[in-house]
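To start, the structure itself, in C-alpha coordinates.
The values are calculated or read from the model by the stated rules, or taken from the named source; none is laboratory data. From a predicted model like this one, the values you see are computed outputs, not experimental measurements. Cβ: placed from backbone, ideal geometry, glycine included. Neighbour counts: every protein chain shown. Just so you know, the surface numbers come from the protein's heavy atoms only, side chains and all, with ligands and any DNA or RNA stripped out. Shrake-Rupley method; radii C 1.70, N 1.55, O 1.52, S 1.80 Å.
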Amino acid sequence: MIAAEPYLKTQRVAEALGISVSTVKRWVDSGMIRAARTAGKHRLIPYSEALRLAREHGFPEANLELLVRPVAPGTTPARPEREPLDLLERLLREGRGPEARTLIHSLYRSGWNAVALGDDLIRPVMQRIGHGWMAGSLDVYQEHEATGIVTGALRDLADRAGEDRPDAPLAIGANPEGDPYVLAGLLAELVLREMGWSVRNLGCNLPLQSLAQAAVRYRPRLIYMSVAHLKDEDQFVREYQSFFARAAAVGSAVILGGQALGPEVRSRLVYASHGERLAHLAEFARRLSSGSPEGTPENPGVA
Ligand code: B12
(Lines give C-alpha, C1' and ligand atoms only; values in the text may rest on other atoms or scores of the structure.)
Protein backbone atom coordinates (compact mmCIF):
# COMPACT_ATOMS: atom_id res chain seq x y z
CA MET A 1 0.00 0.00 0.00
CA ILE A 2 1.63 3.29 -1.05
CA ALA A 3 1.55 6.00 1.66
CA ALA A 4 -0.64 9.06 0.92
CA GLU A 5 1.32 12.12 -0.25
CA PRO A 6 2.12 14.56 2.60
CA TYR A 7 0.59 18.09 2.40
CA LEU A 8 2.61 21.04 3.66
CA LYS A 9 1.77 24.39 5.20
CA THR A 10 2.82 27.52 3.28
CA GLN A 11 5.31 28.34 6.11
CA ARG A 12 7.15 25.08 5.62
CA VAL A 13 7.34 25.44 1.81
CA ALA A 14 8.54 29.04 2.16
CA GLU A 15 11.29 27.97 4.59
CA ALA A 16 12.38 25.05 2.42
CA LEU A 17 12.50 27.09 -0.80
CA GLY A 18 14.04 30.13 0.86
CA ILE A 19 11.21 32.47 -0.21
CA SER A 20 8.61 34.47 1.75
CA VAL A 21 5.28 33.03 2.93
CA SER A 22 3.42 35.85 1.16
CA THR A 23 5.06 34.83 -2.14
CA VAL A 24 3.94 31.23 -1.62
CA LYS A 25 0.40 32.38 -0.81
CA ARG A 26 0.33 34.65 -3.85
CA TRP A 27 1.50 31.84 -6.11
CA VAL A 28 -1.20 29.53 -4.71
CA ASP A 29 -3.86 32.18 -5.29
CA SER A 30 -2.60 32.80 -8.84
CA GLY A 31 -2.83 29.07 -9.54
CA MET A 32 0.91 28.79 -10.13
CA ILE A 33 1.06 26.30 -7.27
CA ARG A 34 -1.51 23.53 -6.93
CA ALA A 35 -2.90 23.45 -3.37
CA ALA A 36 -5.79 22.28 -1.23
CA ARG A 37 -7.67 24.26 1.43
CA THR A 38 -8.50 23.22 4.98
CA ALA A 39 -11.96 23.82 6.46
CA GLY A 40 -10.35 26.94 7.94
CA LYS A 41 -9.33 28.00 4.40
CA HIS A 42 -5.61 27.40 5.11
CA ARG A 43 -3.61 26.57 2.02
CA LEU A 44 -2.00 23.09 1.97
CA ILE A 45 0.58 22.25 -0.75
CA PRO A 46 1.23 18.67 -1.94
CA TYR A 47 4.85 17.56 -1.36
CA SER A 48 5.51 16.75 -4.99
CA GLU A 49 4.18 20.19 -5.96
CA ALA A 50 6.86 21.77 -3.75
CA LEU A 51 9.42 19.53 -5.40
CA ARG A 52 8.19 20.50 -8.88
CA LEU A 53 8.49 24.15 -7.93
CA ALA A 54 12.02 23.67 -6.60
CA ARG A 55 13.06 21.84 -9.75
CA GLU A 56 11.44 24.25 -12.20
CA HIS A 57 12.72 27.38 -10.47
CA GLY A 58 16.01 26.09 -9.03
CA PHE A 59 15.75 28.12 -5.80
CA PRO A 60 19.37 28.77 -4.70
CA GLU A 61 18.43 28.80 -0.99
CA ALA A 62 16.29 25.68 -1.23
CA ASN A 63 16.80 23.10 1.45
CA LEU A 64 14.30 20.38 0.57
CA GLU A 65 15.30 18.42 3.62
CA LEU A 66 13.15 20.90 5.57
CA LEU A 67 10.16 19.69 3.59
CA VAL A 68 10.67 16.22 4.99
CA ARG A 69 10.24 17.12 8.62
CA PRO A 70 10.02 20.10 10.95
CA VAL A 71 13.34 21.04 12.57
CA ALA A 72 12.91 22.67 15.98
CA PRO A 73 15.25 25.72 16.14
CA GLY A 74 18.66 24.83 17.62
CA THR A 75 18.20 21.06 17.42
CA THR A 76 20.40 18.96 15.11
CA PRO A 77 18.10 17.03 12.78
CA ALA A 78 17.99 13.29 13.50
CA ARG A 79 17.98 11.16 10.34
CA PRO A 80 14.44 11.36 8.96
CA GLU A 81 12.43 8.15 8.72
CA ARG A 82 9.86 7.28 6.19
CA GLU A 83 8.89 10.38 4.28
CA PRO A 84 11.80 10.56 1.82
CA LEU A 85 11.54 6.79 1.29
CA ASP A 86 7.79 6.97 0.63
CA LEU A 87 8.23 9.88 -1.73
CA LEU A 88 11.17 8.41 -3.65
CA GLU A 89 9.27 5.12 -4.01
CA ARG A 90 6.24 7.01 -5.35
CA LEU A 91 8.30 9.06 -7.80
CA LEU A 92 10.13 5.94 -9.06
CA ARG A 93 6.90 3.93 -9.43
CA GLU A 94 5.43 6.79 -11.48
CA GLY A 95 8.60 7.19 -13.54
CA ARG A 96 8.99 10.84 -12.42
CA GLY A 97 12.75 11.00 -13.06
CA PRO A 98 13.52 14.75 -12.65
CA GLU A 99 11.67 14.96 -9.31
CA ALA A 100 13.33 11.80 -7.99
CA ARG A 101 16.70 13.19 -9.00
CA THR A 102 15.95 16.53 -7.29
CA LEU A 103 14.97 14.69 -4.13
CA ILE A 104 18.14 12.53 -4.08
CA HIS A 105 20.36 15.54 -4.83
CA SER A 106 18.72 17.78 -2.26
CA LEU A 107 18.96 15.11 0.45
CA TYR A 108 22.64 14.72 -0.44
CA ARG A 109 23.14 18.48 -0.31
CA SER A 110 21.45 18.69 3.04
CA GLY A 111 23.58 16.16 4.83
CA TRP A 112 22.72 12.64 3.74
CA ASN A 113 26.19 11.36 2.83
CA ALA A 114 26.76 8.48 0.41
CA VAL A 115 26.53 5.83 3.14
CA ALA A 116 23.18 7.21 4.31
CA LEU A 117 21.87 7.54 0.74
CA GLY A 118 22.86 3.95 0.00
CA ASP A 119 22.03 2.14 3.24
CA ASP A 120 19.03 4.16 4.45
CA LEU A 121 17.32 5.39 1.26
CA ILE A 122 18.20 3.63 -1.99
CA ARG A 123 18.56 0.06 -0.65
CA PRO A 124 15.18 0.09 1.19
CA VAL A 125 13.39 1.90 -1.66
CA MET A 126 14.74 -0.53 -4.27
CA GLN A 127 13.67 -3.39 -1.99
CA ARG A 128 10.15 -1.99 -2.16
CA ILE A 129 10.45 -1.77 -5.95
CA GLY A 130 11.61 -5.42 -5.95
CA HIS A 131 8.64 -6.45 -3.82
CA GLY A 132 6.35 -4.58 -6.22
CA TRP A 133 7.81 -6.55 -9.13
CA MET A 134 7.49 -9.84 -7.25
CA ALA A 135 3.94 -9.05 -6.14
CA GLY A 136 3.01 -8.02 -9.69
CA SER A 137 2.12 -4.42 -8.79
CA LEU A 138 5.08 -3.27 -10.86
CA ASP A 139 6.22 -4.37 -14.34
CA VAL A 140 9.85 -5.21 -15.14
CA TYR A 141 10.14 -2.06 -17.29
CA GLN A 142 9.29 0.01 -14.19
CA GLU A 143 12.08 -1.73 -12.27
CA HIS A 144 14.46 -0.93 -15.13
CA GLU A 145 13.22 2.67 -15.28
CA ALA A 146 13.60 3.09 -11.51
CA THR A 147 17.16 1.75 -11.68
CA GLY A 148 17.94 4.04 -14.61
CA ILE A 149 16.65 7.12 -12.76
CA VAL A 150 18.65 6.35 -9.60
CA THR A 151 21.74 5.47 -11.65
CA GLY A 152 21.58 8.86 -13.40
CA ALA A 153 21.20 10.77 -10.13
CA LEU A 154 24.12 8.92 -8.50
CA ARG A 155 26.36 9.18 -11.56
CA ASP A 156 25.90 12.94 -11.36
CA LEU A 157 26.92 13.04 -7.71
CA ALA A 158 29.95 10.80 -8.34
CA ASP A 159 31.06 12.97 -11.26
CA ARG A 160 30.71 16.08 -9.09
CA ALA A 161 32.83 14.51 -6.36
CA GLY A 162 35.81 16.13 -8.06
CA GLU A 163 38.93 14.97 -9.90
CA ASP A 164 41.08 12.15 -8.53
CA ARG A 165 44.04 13.61 -6.64
CA PRO A 166 47.31 12.03 -7.88
CA ASP A 167 48.35 11.15 -4.31
CA ALA A 168 44.94 9.72 -3.36
CA PRO A 169 44.80 5.99 -2.52
CA LEU A 170 43.29 4.02 -5.43
CA ALA A 171 40.30 1.71 -5.31
CA ILE A 172 38.85 -0.32 -8.19
CA GLY A 173 35.52 -2.15 -8.13
CA ALA A 174 33.10 -4.27 -10.16
CA ASN A 175 30.30 -6.83 -10.20
CA PRO A 176 31.31 -10.23 -11.65
CA GLU A 177 30.31 -11.80 -14.96
CA GLY A 178 26.58 -12.58 -15.25
CA ASP A 179 25.70 -9.95 -12.62
CA PRO A 180 23.97 -6.93 -14.27
CA TYR A 181 23.52 -4.86 -11.09
CA VAL A 182 24.98 -1.33 -11.04
CA LEU A 183 23.59 0.62 -8.06
CA ALA A 184 25.66 -0.84 -5.21
CA GLY A 185 28.88 -0.42 -7.23
CA LEU A 186 28.02 3.19 -8.03
CA LEU A 187 27.22 3.91 -4.38
CA ALA A 188 30.50 2.26 -3.30
CA GLU A 189 32.29 4.59 -5.75
CA LEU A 190 30.52 7.63 -4.25
CA VAL A 191 31.34 6.53 -0.68
CA LEU A 192 35.05 6.20 -1.52
CA ARG A 193 35.24 9.41 -3.56
CA GLU A 194 33.63 11.29 -0.66
CA MET A 195 36.45 9.92 1.53
CA GLY A 196 39.11 11.25 -0.87
CA TRP A 197 39.94 8.00 -2.65
CA SER A 198 40.43 7.89 -6.41
CA VAL A 199 38.15 5.24 -7.86
CA ARG A 200 37.97 3.22 -11.07
CA ASN A 201 34.42 1.83 -11.11
CA LEU A 202 34.64 -1.00 -13.66
CA GLY A 203 30.87 -1.59 -13.61
CA CYS A 204 28.80 -4.74 -13.81
CA ASN A 205 29.19 -8.09 -15.59
CA LEU A 206 33.04 -8.07 -15.50
CA PRO A 207 34.87 -11.41 -15.79
CA LEU A 208 37.03 -11.83 -12.67
CA GLN A 209 40.00 -12.70 -14.82
CA SER A 210 39.71 -9.19 -16.29
CA LEU A 211 39.34 -7.61 -12.83
CA ALA A 212 42.60 -9.41 -11.94
CA GLN A 213 44.22 -7.85 -15.03
CA ALA A 214 43.11 -4.41 -13.82
CA ALA A 215 44.55 -5.14 -10.36
CA VAL A 216 47.94 -6.09 -11.84
CA ARG A 217 47.94 -2.95 -13.99
CA TYR A 218 46.70 -0.39 -11.43
CA ARG A 219 47.97 -2.02 -8.18
CA PRO A 220 45.02 -0.57 -6.20
CA ARG A 221 45.10 -0.33 -2.37
CA LEU A 222 41.50 -1.58 -2.27
CA ILE A 223 39.32 -3.73 -4.51
CA TYR A 224 35.57 -3.75 -3.81
CA MET A 225 33.36 -6.44 -5.33
CA SER A 226 29.55 -6.36 -5.20
CA VAL A 227 27.77 -9.62 -6.01
CA ALA A 228 23.98 -9.30 -6.35
CA HIS A 229 23.40 -12.26 -8.63
CA LEU A 230 25.36 -15.52 -9.01
CA LYS A 231 24.68 -17.50 -12.17
CA ASP A 232 26.92 -20.45 -11.21
CA GLU A 233 28.36 -20.52 -7.68
CA ASP A 234 31.06 -23.14 -8.31
CA GLN A 235 32.34 -21.34 -11.41
CA PHE A 236 32.36 -18.08 -9.45
CA VAL A 237 34.37 -19.64 -6.58
CA ARG A 238 36.92 -21.08 -9.03
CA GLU A 239 37.37 -17.80 -10.90
CA TYR A 240 37.42 -15.83 -7.63
CA GLN A 241 40.30 -17.91 -6.22
CA SER A 242 42.58 -17.13 -9.16
CA PHE A 243 41.48 -13.48 -9.09
CA PHE A 244 42.23 -13.24 -5.36
CA ALA A 245 45.69 -14.80 -5.70
CA ARG A 246 46.69 -12.15 -8.26
CA ALA A 247 45.11 -9.29 -6.28
CA ALA A 248 46.92 -10.38 -3.11
CA ALA A 249 50.19 -10.64 -5.02
CA VAL A 250 50.04 -6.89 -5.77
CA GLY A 251 49.04 -6.07 -2.18
CA SER A 252 45.42 -5.14 -2.82
CA ALA A 253 42.93 -5.56 0.03
CA VAL A 254 39.69 -7.15 -1.23
CA ILE A 255 36.34 -6.29 0.36
CA LEU A 256 33.21 -8.17 -0.64
CA GLY A 257 29.48 -7.45 -0.35
CA GLY A 258 26.13 -7.92 -2.07
CA GLN A 259 22.92 -9.87 -1.69
CA ALA A 260 24.16 -13.03 -3.46
CA LEU A 261 27.12 -13.58 -1.11
CA GLY A 262 25.53 -15.56 1.71
CA PRO A 263 27.61 -17.19 4.50
CA GLU A 264 27.89 -20.52 2.61
CA VAL A 265 29.56 -19.14 -0.50
CA ARG A 266 31.63 -16.71 1.61
CA SER A 267 32.98 -19.63 3.64
CA ARG A 268 34.57 -20.84 0.38
CA LEU A 269 36.39 -17.54 -0.24
CA VAL A 270 39.35 -15.64 1.24
CA TYR A 271 39.06 -11.85 1.46
CA ALA A 272 40.29 -8.99 3.62
CA SER A 273 36.78 -7.93 4.58
CA HIS A 274 33.07 -8.38 3.93
CA GLY A 275 30.24 -5.92 4.56
CA GLU A 276 26.44 -6.04 4.60
CA ARG A 277 26.23 -2.26 4.29
CA LEU A 278 28.19 0.58 2.73
CA ALA A 279 28.89 1.75 6.26
CA HIS A 280 31.19 -1.30 6.48
CA LEU A 281 33.00 -0.29 3.29
CA ALA A 282 33.52 3.23 4.67
CA GLU A 283 34.94 1.86 7.94
CA PHE A 284 37.24 -0.55 6.12
CA ALA A 285 38.48 2.17 3.76
CA ARG A 286 39.08 4.50 6.70
CA ARG A 287 41.25 1.89 8.44
CA LEU A 288 43.06 1.07 5.24
CA SER A 289 43.86 4.70 4.48
CA SER A 290 44.98 5.19 8.10
CA GLY A 291 47.33 2.22 7.46
CA SER A 292 45.98 0.03 10.32
CA PRO A 293 47.05 -3.65 10.06
CA GLU A 294 43.53 -5.03 9.51
CA GLY A 295 43.84 -3.94 5.88
CA THR A 296 46.28 -6.69 4.88
CA PRO A 297 45.07 -9.82 3.07
CA GLU A 298 46.70 -12.20 5.50
CA ASN A 299 44.63 -10.74 8.30
CA PRO A 300 41.03 -11.43 7.16
CA GLY A 301 37.72 -10.98 8.95
CA VAL A 302 37.14 -7.23 9.59
CA ALA A 303 33.34 -7.62 9.18
C1 B12 B 1 17.08 -3.47 -9.78
C2 B12 B 1 16.93 -4.99 -9.70
C3 B12 B 1 17.19 -5.77 -10.85
C4 B12 B 1 17.67 -5.15 -12.13
C5 B12 B 1 19.13 -4.66 -12.02
C6 B12 B 1 19.33 -3.43 -12.88
C7 B12 B 1 20.70 -2.85 -12.73
N8 B12 B 1 21.31 -2.61 -13.84
O9 B12 B 1 21.19 -2.62 -11.64
C10 B12 B 1 17.49 -6.30 -13.15
C11 B12 B 1 16.21 -6.05 -13.91
C12 B12 B 1 18.64 -6.49 -14.16
C13 B12 B 1 17.30 -7.50 -12.25
C14 B12 B 1 17.37 -8.79 -12.74
C15 B12 B 1 17.07 -9.89 -11.98
N16 B12 B 1 16.60 -9.91 -10.73
CO17 B12 B 1 16.62 -8.33 -9.62
N18 B12 B 1 16.38 -6.92 -8.48
C19 B12 B 1 16.52 -5.62 -8.49
C20 B12 B 1 16.13 -4.90 -7.18
C21 B12 B 1 14.75 -4.31 -7.39
C22 B12 B 1 17.05 -3.78 -6.65
C23 B12 B 1 18.53 -4.22 -6.45
C24 B12 B 1 19.38 -2.98 -6.17
O25 B12 B 1 20.10 -2.48 -7.01
N26 B12 B 1 19.26 -2.45 -4.92
C27 B12 B 1 19.98 -1.25 -4.52
C28 B12 B 1 21.34 -1.62 -3.91
C29 B12 B 1 22.09 -0.39 -3.49
O30 B12 B 1 21.04 -2.37 -2.70
P31 B12 B 1 21.73 -3.79 -2.41
O32 B12 B 1 22.00 -4.50 -3.66
O33 B12 B 1 20.91 -4.45 -1.37
O34 B12 B 1 23.17 -3.37 -1.77
C35 B12 B 1 23.27 -3.00 -0.42
C36 B12 B 1 23.98 -4.07 0.41
O37 B12 B 1 23.87 -5.36 -0.11
C38 B12 B 1 25.41 -3.59 0.47
N39 B12 B 1 26.34 -3.98 -0.59
C40 B12 B 1 26.10 -4.31 -1.87
N41 B12 B 1 27.23 -4.51 -2.55
C42 B12 B 1 28.24 -4.30 -1.66
C43 B12 B 1 29.65 -4.37 -1.81
C44 B12 B 1 30.45 -4.12 -0.69
C45 B12 B 1 31.97 -4.18 -0.84
C46 B12 B 1 29.87 -3.80 0.57
C47 B12 B 1 30.73 -3.52 1.77
C48 B12 B 1 28.48 -3.70 0.72
C49 B12 B 1 27.69 -3.96 -0.41
O50 B12 B 1 25.29 -2.18 0.49
C51 B12 B 1 24.20 -1.78 -0.36
C52 B12 B 1 23.54 -0.58 0.30
O53 B12 B 1 23.06 -0.89 1.58
C54 B12 B 1 16.13 -6.13 -6.19
C55 B12 B 1 15.21 -5.93 -4.98
C56 B12 B 1 15.99 -5.95 -3.65
N57 B12 B 1 15.39 -6.47 -2.66
O58 B12 B 1 17.10 -5.52 -3.56
C59 B12 B 1 15.71 -7.27 -7.11
C60 B12 B 1 16.18 -8.78 -6.82
C61 B12 B 1 17.60 -8.76 -6.23
N62 B12 B 1 16.16 -9.41 -8.11
C63 B12 B 1 15.75 -10.61 -8.03
C64 B12 B 1 15.69 -11.52 -9.12
C65 B12 B 1 15.08 -12.90 -8.85
C66 B12 B 1 16.18 -11.16 -10.40
C67 B12 B 1 16.24 -12.07 -11.65
C68 B12 B 1 16.75 -13.51 -11.42
C69 B12 B 1 14.88 -12.04 -12.31
C70 B12 B 1 14.81 -12.91 -13.55
N71 B12 B 1 14.15 -13.95 -13.43
O72 B12 B 1 15.36 -12.60 -14.54
C73 B12 B 1 17.25 -11.29 -12.54
C74 B12 B 1 18.71 -11.77 -12.27
C75 B12 B 1 19.75 -10.97 -12.96
C76 B12 B 1 19.82 -11.29 -14.43
N77 B12 B 1 20.54 -12.25 -14.79
O78 B12 B 1 19.22 -10.63 -15.21
C79 B12 B 1 15.35 -11.00 -6.61
C80 B12 B 1 16.48 -11.88 -5.96
C81 B12 B 1 15.87 -12.94 -5.11
C82 B12 B 1 17.01 -13.84 -4.66
N83 B12 B 1 17.33 -13.73 -3.45
O84 B12 B 1 17.63 -14.49 -5.43
C85 B12 B 1 15.16 -9.57 -5.93
C86 B12 B 1 15.48 -9.58 -4.41
C87 B12 B 1 13.72 -9.16 -6.21
C88 B12 B 1 12.73 -9.92 -5.36
N89 B12 B 1 12.19 -9.26 -4.43
O90 B12 B 1 12.54 -11.04 -5.54
N91 B12 B 1 17.05 -7.12 -11.00
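Numbers for the structure displayed
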quantity: Any pair with Cβ under 8 angstrom, 6 or more apart, that starts in region 264-285 at a residue that is open to solvent by less than 50 Å² (accessible area, probe 1.4 Å) and ends at one that is of a type in the set (Gly, Ala, Ser) and modelled with pLDDT under 95; calculated: Ala272/Gly295; Ser273/Gly301; Ser273/Ala303; His274/Ala303; Gly275/Ala303; Phe284/Gly295
quantity: Subset of region 92-143 (residues that are assigned to a helix (DSSP H, G or I), within 15 Å of the ligand (Cβ to nearest atom) and farther than 18 Å from Leu187 by Cβ); calculated: Arg93, His131, Gly132, Trp133, Met134, Ala135, Val140, Tyr141, Gln142
quantity: Single residue of Ala153, Ala188, Ala174 found to be more than 8 Å from the ligand (Cβ to nearest atom), in the same structural domain as Ala285 (by TED's automatic domain parsing), open to solvent by less than 80 Å² (accessible area, probe 1.4 Å) and in contact (Cβ under 8 Å) with a residue 40 or more places away in the chain; calculated: Ala174
quantity: Tabulated pairs, region 116-145, first farther than 13 Å from Leu88 by Cα and free of Cβ contacts under 8 Å to residues at least 60 places away in the same chain, second assigned to a helix (DSSP H, G or I) and open to solvent by 70 Å² or more (accessible area, probe 1.4 Å), C-beta under 9 angstrom, 6+ apart or interchain; calculated: Ser137/His131; Leu138/His131; Asp139/Trp133; Val140/Trp133; Gln142/Trp133; Glu143/Trp133
quantity: So Met195, is it among the hydrophobic types (A, V, I, L, M, F, W, C) and near the ligand (Cβ under 9 Å from one of its atoms); calculated: no
quantity: Filtered residue count, region 199-208, keeping only those that are open to solvent by 50 Å² or more (accessible area, probe 1.4 Å) and over 19 Å from the mean Cα position of the chain (by Cα); calculated: 1
quantity: Qualifying residue in region 231-252 (condition: within 12 Å of the ligand (Cβ to nearest atom), assigned by TED's automatic domain parsing to the domain that holds Gln213 and surrounded by 18 or more Cβ atoms within 10 Å (Cβ to Cβ)); calculated: no
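Quick grid of which residues meet (1) surrounded by fewer than 22 Cβ atoms within 10 Å (Cβ to Cβ); (2) modelled with pLDDT of 95 or more:
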{"site": "Ala161", "(1), (2)": "yes, no"}
{"site": "Tyr181", "(1), (2)": "yes, yes"}
{"site": "Ser210", "(1), (2)": "yes, yes"}
{"site": "Tyr218", "(1), (2)": "yes, yes"}
{"site": "Tyr224", "(1), (2)": "no, yes"}
{"site": "Gln259", "(1), (2)": "yes, yes"}
